[in-house]
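The values are calculated or read from the model by the stated rules, or taken from the named source; none is laboratory data. Since we're looking at a predicted model, the values are computed, not measured. With ideal geometry, Cβ positions are generated from the backbone for all residues, glycine too; neighbour counts draw on all protein chains shown.
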Amino acid sequence: MTPPPSATRPGAAALGLAGLLGLLLTVEVLPRSGVVSADYLPPTSRIVRALAVELNDRAFWRALGDTLTGWALGLAIAVVAGVVAGVLIGSVPFLRAATASTIEFLRPIPSVALIPLAVLLFGTGLGSTLLLVVYAAFWQVLVQVLYGIQDVDPVTRDTARSYNLGTWARVRHVLWPTALPYVMTGVRLAASVALILAITAELVIGSPGLGSRIAVAQTSQAVPEMYALIMIAGLLGLLINLAARTVERRALFWHQSVRGEAVL
Amino acid sequence: MLDVRGLRKIYGGHGREVEALRDLTFTLDPGELVCLVGPSGCGKTTLLKCVAGLLAPTSGEVLLDGSPVTGPRPGMAVVFQEYSRSLFPWMRVRDNVELPLRQKKSLGRQRRHALVEDALEAVGLTASAGAYPWQLSGGMQQRVAIARALAYEPEVLLMDEPFAAVDAQTRAGLEDLVRKLWQERGMTILFVTHDIDEAVYLGQRVLTLSASPTVVQDELKITLPHERDQLESRADARFAELRTHVYAQIRAAGTRPAPTA
């Protein structure tokens, strides 16, 4: 197994870290030197202090929990629905032809455009967040699954046919593993999009979570706290992406893109 | 055993028709090892797919034990040229071999496992049962594909240029493996190849195909001794005669337009 190229060069990691430190330093210096007003951009040290206060606040952890609940629940619903619909539509040519234009019409509708609808239906509860998250994440998964189903190798298909594999065996042992790399990409994209929509819903609609806490901090002039919460949201996105990539590598250990050089 | 009668295949579509196979008729007796050799692009793979029931012929028919082949049949197994695409990389060697057997509901779990072990032993891969196909060399991967076909216990084994993608030494070993398995198990084998030497070395009979649109150009009984050896058999004067004969037929087939039906 060859590790990814970026990990083989310790220099690259050091350079990345230096860039991050540079950013933190810039944010520290800009308001202190008066180039930017500290009212809008507090120095790093103050943001970090606000962050420490947040981490000791139980309300913060509750908000984080709410955001993660909306994210995880929405993502789970979207993935299950996307995979089931994708396998069904993708393996029945009639359904595929019948739904193609509808999917192309519905998919580009930005999830945020559904905010008024979500409020009408669910008010400011978890339901609103879920509607937006599921809508945004569902298409990511569905479209990838549809591509994946189409990608069955002709020789693999002939092999399955020549050995009389039944419908279930073909779905389970041929179609699903073939589509899995696509499914994983879809899930990874959906996981990121789901977080964006979860926080957007909380921020705009005011359903409980990190987003509404950011909004509250902003309206009460607690600017360092607001930045601290934004940093948390960013870190959350980073962690989610890392976790998704790890799951992807584990699940696709057999795939060309992951397995690297053959071991003899 | 296996009867191919008046097989014809025309590929249509896009306003253009291509006649791949014109008129093929031949028979394999039970337990026979027949090699089909022909110039590249003569429709060997098309023919094999029609015989395997993977492709419907335009006209003519394929009979297995007297009954027409209209789709893949449990009595036949195919070994494809592209072993790396034919084996499932997400399954261990053992599971690859076992998967087709799971479709045969009459087989119990124990019988299934016994068949898998036996097939892997026959191709000398018992030690690699737990590996993934992509961890093996090309020749070993093709052995896995052969083991999968063996475990399926077919009456007829169809092999589509199975050794075209492996190096010469591996190929020699695999050829001897096919001869050995054929002698031990007595199944009927149709072996398609573009390699004249391979066809003469392996077969009891060699059918030479013409260029496309394809007909059977020539049929030759291989009069080499039953026991073959990579060094002795190939050095045999008769081997040279036979391969020269096949070569001449292929050259004739390539230059002369095939007789119209």
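What to note about this one:
- Yes/no for A:THR167 being crowded, with 17+ Cβ neighbours inside 10 Å and polar (S, T, N, Q): no
- Here B:PHE191 fulfils each of the conditions (1) assigned to a strand (DSSP E or B); (2) surrounded by fewer than 23 Cβ atoms within 10 Å (Cβ to Cβ); (3) modelled with pLDDT of 90 or more apart from (2).
- Selection status of A:HIS255, of a type outside the set (A, V, I, L, M, F, W, C), within 14 Å of chain B (Cβ to nearest Cβ) and crowded, with 18+ Cβ neighbours inside 10 Å: no
- Meets criteria (at pLDDT 90 or above and under 21 Å from A:THR185 (Cα atoms)) for A:VAL133: yes
- Residue within segment B:164-182 that is more than 10 Å from chain A (Cβ to nearest Cβ), farther than 14 Å from B:ALA77 by Cα and among the hydroxyl-bearing types (Ser, Thr, Tyr) present: yes
- Selection within segment B:242-257 - modelled with pLDDT of 90 or more and exposed (fewer than 12 other Cβ atoms within 10 Å of the Cβ): none
- Residues in segment B:128-148 that are more than 9 Å from chain A (Cβ to nearest Cβ), among the charged types (D, E, K, R) and either in contact (Cβ under 8 Å) with a residue 40 or more places away in the chain or in contact with a strand residue (DSSP E or B) (Cβ under 7 Å, 6 or more places away or on another chain) (or both): 0 in all.
- Of the residues making up segment B:121-138, those that are within 23 Å of B:GLY186 (Cα to Cα) and either within 19 Å of the chain's Cα centre (by Cα) or in a helix (DSSP H, G or I) (or both) number 4.
To keep it simple, each residue is scored yes or no on (1) within 14 Å of another protein chain (Cβ to nearest Cβ); (2) among the hydrophobic types (A, V, I, L, M, F, W, C).
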{"site": "A:ILE89", "(1), (2)": "no, yes"}
{"site": "A:THR102", "(1), (2)": "no, no"}
{"site": "A:GLY125", "(1), (2)": "no, no"}
{"site": "A:LEU130", "(1), (2)": "no, yes"}
{"site": "A:THR167", "(1), (2)": "yes, no"}
{"site": "A:VAL174", "(1), (2)": "yes, yes"}
{"site": "A:LEU180", "(1), (2)": "yes, yes"}
{"site": "A:THR185", "(1), (2)": "no, no"}
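- Test: residue in segment B:164-174 that is touching a residue at least 60 places away in the same chain (Cβ under 8 Å), within 24 Å of B:LEU242 (Cα to Cα) and outside any helix (DSSP H, G or I): yes
- Output for segment B:85-125, where each listed residue is under 19 Å from B:THR170 (Cβ atoms) and either surrounded by 15 or more Cβ atoms within 10 Å (Cβ to Cβ) or among the polar types (S, T, N, Q) (or both): B:ARG85, B:SER86, B:LEU87, B:VAL93, B:LEU120, B:ALA122, B:VAL123, B:LEU125
- Residue satisfying all of: in segment B:146-163; within 12 Å of the chain's Cα centre (by Cα) and assigned to a helix (DSSP H, G or I); surrounded by the fewest Cβ atoms within 10 Å (Cβ to Cβ) among these: B:ILE146
- Pick from segment B:4-32, criterion crowded, with 20+ Cβ neighbours inside 10 Å and either within 14 Å of chain A (Cβ to nearest Cβ) or not basic (Lys, Arg) (or both), ranking: nearest to B:LEU190 (Cα to Cα): B:LEU28
- Within segment B:230-239, the residues that satisfy the criterion of being surrounded by 13 or more Cβ atoms within 10 Å (Cβ to Cβ) and of a type outside the set (S, T, N, Q) are B:ARG234, B:ASP236, B:ARG238, B:PHE239.
- Output for segment A:31-47, where each listed residue is assigned to a helix (DSSP H, G or I) and free of Cβ contacts under 8 Å to residues at least 12 places away in the same chain: A:ARG32
- Helices (runs of 4 or more DSSP H) (entirely within segment B:33-120) containing at least 1 residues that are away from chain A (no Cβ under 12 Å) and hydroxyl-bearing (Ser, Thr, Tyr): B:44-52
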